[in-house]
Amino acid sequence: MGASPVIVLNDVTKVYEIGKTRLKALNRINLEVMPGEFCLIVGRSGSGKSTLLNMLAGLERPTSGKIIVAGRHIERMTEKKLVSFRLANIGFVFQSFNLFAAHTAIENVAMPLMYRGMNRRRRTILAKDMLEAVGLSSHADHLPGQMSGGQQQRVGIARALVTKPRILFADEPTGNLDLRTSREILSLIRGICRERATTLVMVTHDQEIADHADRIITLLDGQITGNTVNQTPLDF
């Protein structure tokens, strides 16, 4: 028996109602993602990429259909249960970093552990270890405004992974970075996820990343038009 999918979508549809207009952002999406996979979601602007990612992460609810993540039907969960589920199972890396400006790098990384109720001493140790893993030990006491974009994104990655989530979602994580820094960040994310067998689901407009992914999902007008498994993904 093979491993069971860590993510399953069955006939997921998302409709936004804007005034009297109904916009179908996702149209009967069916998808499976296996544990430890690097799954890339690609498509032109407006294709539904970010909407799909938000559905997978439980940040938005589907209009219809089923979403099973880590064995749980997240479409049925209350908001309170969703918050607890995300804290226990999911990490998220954003394009705009989303760091707390008044908090140091180590405080930003430790934040999810604080929400879990972990004591200050333990969460500081884990945050320090995670900053070391992303190569930012020397910036632990720096504020976001004292760091470059690439360094801020490394803090964002450390924060997303400090809880050792089963799944990491990344929404255009290199969209605000130059090419060289982008490749460094992608290599870092992929390397840590591979080392920990963490499932990585990433949205991007950068088609060049496709050669590095295990699975490439192509979206067009809210529908999956391609679901390709890459037998020989390249390293960054």
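One table, with the values for the structure above:
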quantity: Lone unmet requirement of (1) surrounded by fewer than 15 Cβ atoms within 10 Å (Cβ to Cβ); (2) out of contact with any Ser or Thr (no Cβ under 6 Å at 6 or more places or on another chain); (3) not hydroxyl-bearing (Ser, Thr, Tyr) for residue 15; calculated: (2)
quantity: The listed residue being under 22 Å from residue 116 (Cα atoms), of a type outside the set (Gly, Ala, Ser) and in contact with a strand residue (DSSP E or B) (Cβ under 9 Å, 6 or more places away or on another chain), out of 59, 40; calculated: 59
quantity: Of the criteria (1) surrounded by 19 or more Cβ atoms within 10 Å (Cβ to Cβ); (2) touching a helix residue (DSSP H, G or I) at 6+ places or on another chain (Cβ under 6 Å), which one residue 156 fails; calculated: (2)
quantity: Count of residues meeting criterion [over 15 Å from residue 174 (Cα atoms) and out of contact with any helix residue (DSSP H, G or I) (no Cβ under 8 Å at 6 or more places or on another chain)] in segment 199-216; calculated: 4
quantity: Residues located in segment 48-89, provided they are in a strand (DSSP E or B) and either more than 19 Å from residue 164 (Cα to Cα) or hydroxyl-bearing (Ser, Thr, Tyr) (or both); calculated: 64, 65, 66, 67, 68, 73
quantity: Close pairs from segment 22-45: first under 18 Å from residue 229 (Cβ atoms), partner small (Gly, Ala, Ser) and crowded, with 16+ Cβ neighbours inside 10 Å, Cβ under 8 Å, at least 6 apart; calculated: 29/65; 29/222; 38/213; 39/213; 40/210; 40/213; 42/210
quantity: Residue list for segment 18-30, restricted to those being closer than 27 Å to residue 198 by Cα and surrounded by 20 or more Cβ atoms within 10 Å (Cβ to Cβ); calculated: 26, 29
quantity: Pairs where the first residue, in segment 46-71, is touching a residue at least 24 places away in the same chain (Cβ under 8 Å) and within 15 Å of residue 223 (Cα to Cα) and the second is of a type outside the set (Asp, Glu) and part of a helix (DSSP H, G or I), C-beta under 7 Å, 6+ apart; calculated: 62/55
quantity: Residue 92 being under 24 Å from residue 229 (Cα atoms), of a type in the set (Phe, Trp, Tyr) and either touching a residue at least 12 places away in the same chain (Cβ under 8 Å) or part of a loop (DSSP other than H, G, I, E, B) (or both); calculated: yes
quantity: Some residue of segment 126-133 being farther than 27 Å from residue 195 by Cα and at pLDDT 95 or above; calculated: no
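The rows are residues; the columns are (1) of a type in the set (Val, Ile, Thr); (2) part of a helix (DSSP H, G or I); (3) crowded, with 16+ Cβ neighbours inside 10 Å; (4) in contact (Cβ under 8 Å) with a residue 60 or more places away in the chain.
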position: 123; (1), (2), (3), (4): no, yes, yes, no
position: 129; (1), (2), (3), (4): no, yes, no, no
position: 132; (1), (2), (3), (4): no, yes, no, no
position: 142; (1), (2), (3), (4): no, no, yes, no
position: 160; (1), (2), (3), (4): no, yes, yes, yes
position: 165; (1), (2), (3), (4): no, no, yes, yes
position: 170; (1), (2), (3), (4): no, no, yes, yes
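The values are calculated or read from the model by the stated rules, or taken from the named source; none is laboratory data. Quick caveat, the model's predicted, so the values are computed rather than measured. So basically every Cβ, Gly included, is an ideal-geometry build from the backbone, and we count neighbours across all protein chains shown.
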